[in-house]
Amino acid sequence: MSKTAQKRSLETRFMEFEVVCRRCQSKWQPAIARFVNVGTDPDARLGILINTMHHSFCPQCRLKQYIDTTFEYYDPEENIVIQVRPEWEFKAGGGEDYYLKRLEDLVYKYSKNDVRVDVVFGLRELIDKYLGGEDAVEAAKAEWYRRKEVAKKKHEERTLAKTAFEPDSPDDAEDEDSTTTA
Ligand SMILES: [Zn+2]
C-alpha cells in the first residue's frame, strides 16, 4: 500500500446518495450519514434501534427504501469506531476471512486515531454486538412512543390554544352574550 494513513475526523458527516425508486423509477438524493458520532448525535442510536436509519421515502410514490450502504458508527464513551457494512456482503465476500480483511483495512484507516475498531455486517449485528440487543430495541421503541405522545400532546395544546384565542368563524365571535359559570 502506497498511501499513508492519516488521522480521521470523528465528526458526524453526511453525503447525498442517489436513489432510484424500484417501483416508479423516480430519482432523488437523500442525505445519508456516512459517519455517525453518537456522542454528538445520540438520536442516531435511537434511529438504528427502531429501524428508521437510512430509510428514505420516494417523493413520487412514497415507497419506503432502505439505503443499504456502508457507514461508520463512533461511540466516544466506548472509544470505538464500528464499520457497518451491508449484511449480504459477509456471505458473498467469503465469511470470516472477508471480515478479517475488512477489519485489517479499518485498523489501518484509523491507525492514526486512538480508537478501537470493529466491522459488523448489517444493523442486526451492530445492535446485538454493541447496542444492547433486543432489550435496547424495546427501550428505544418505548422512548420513541413517549416522544410521539409528547409531540401529540403539544400539538393538541396548540390546537386548543388556537381555537381558544383565534376563533376562526364569525359565529364564535358572537358568543359575548353567553353566560359564564365563573
Ligand atoms: Zn417511487
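Every number here is computed from the coordinates shown, using simple stated rules; none is lab data. Please read all numbers here as calculations on a predicted model, not as lab measurements. When we count neighbours, we look across all protein chains shown, and the Cβ atoms used for this are built from the backbone with ideal geometry, even at glycine.
Points worth noting:
- Note, ³J(HN,Hα) from phi for segment 59-75, Karplus 6.51, -1.76, 1.60, rounded to Hz, x at Gly and Pro: x, 8, 10, 6, 5, 7, 10, 8, 8, 8, 10, 5, 9, 10, 10, 10, 10
- Rounded to the nearest 0.05, the FRET efficiency derived from the C-beta distance between Asn79 and Ala164 at R0 = 45 Å is 0.30.
- Amide hydrogen neighbours beyond the local backbone of Gln83, cut-off 5 Å, H modeled: Tyr73, Asp118, Val119, Val120
- From the largest down, the chain spans 86, 41, 31 angstrom on the principal axes of its Cα atoms.
- Fewest-first sequence of Phe57, Phe121, Phe90 by Cβ atoms within 10 Å of each Cβ: Phe57, Phe90, Phe121
- Which listed pairs, of Lys27/Lys91; Lys101/Lys129; Lys27/Lys64; Lys141/Lys162; Lys91/Lys129, have C-alpha distances above 22 Å, in listed order: Lys27/Lys91; Lys141/Lys162
- Exposed-site-free run, longest, the chain (rule: GluC sites (Glu not before Pro); DSSP loop; at most 13 other C-beta within 10 Å): 79-182
- DSSP-defined antiparallel bridges as percent of all bridges, the chain, nearest 5: 60
- For Asn113, distant residues with modelled amide H under 5 Å away: Arg8
- Acute angle (nearest 10 degrees) that the helix 133-165 long axis makes with the longest principal axis of the chain, alpha-carbon atoms: 30
- Selection from Asn37, Phe71, Leu49, by position along the positive dipole direction of the chain (Cβ): Phe71
- Placed amide H near Ile32: partners under 5 Å, 5+ positions off or other chain: Met15, Glu16, Phe17
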